[in-house]
Amino acid sequence: MAPHRLTDPKAGPLIAVKLHIVTRKTLGGIETDLSGRVLKDGGTPLAGLYAAGEVAGFGGGGVHGYRALEGTFLGGCIFSGRAAGRGAAADIS
């Protein structure tokens, strides 16, 4: 799905998550694209392999954890898991 306005009714349903912040940090992870596909060194997807959550550096953080912000782990796990699940489902259908 392409980026869209949060209030765009065609982009629903919206998902809300209540977070209770816990301070801890994992920097790094397997580099993925926005569909959760694991990327090889050259940046091309490794067929059939998906990663989500902290192990994936939140779909863009990659091996250096560029986007790993303190206290944001649960949301990243939920939404990167959703993206990876959708990507995997699209692969097998």
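Throughout, read-outs are computed from the coordinates displayed, never taken from laboratory work. The model shown is predicted, which means the values in this text are computed figures rather than measured ones. Quick reminder, even Gly has a Cβ in these numbers, built from the backbone with ideal geometry, and neighbours come from all protein chains shown.
Calculated FRET efficiency, VAL55 to LEU14, Cβ-Cβ distance, R0 = 25 Å: about 0.45 to the nearest 0.05. The listed peptides 81-91, 6-16, ordered by packing as a protection proxy, come out as 81-91, 6-16 (highest mean of other Cβ atoms within 10 Å first).
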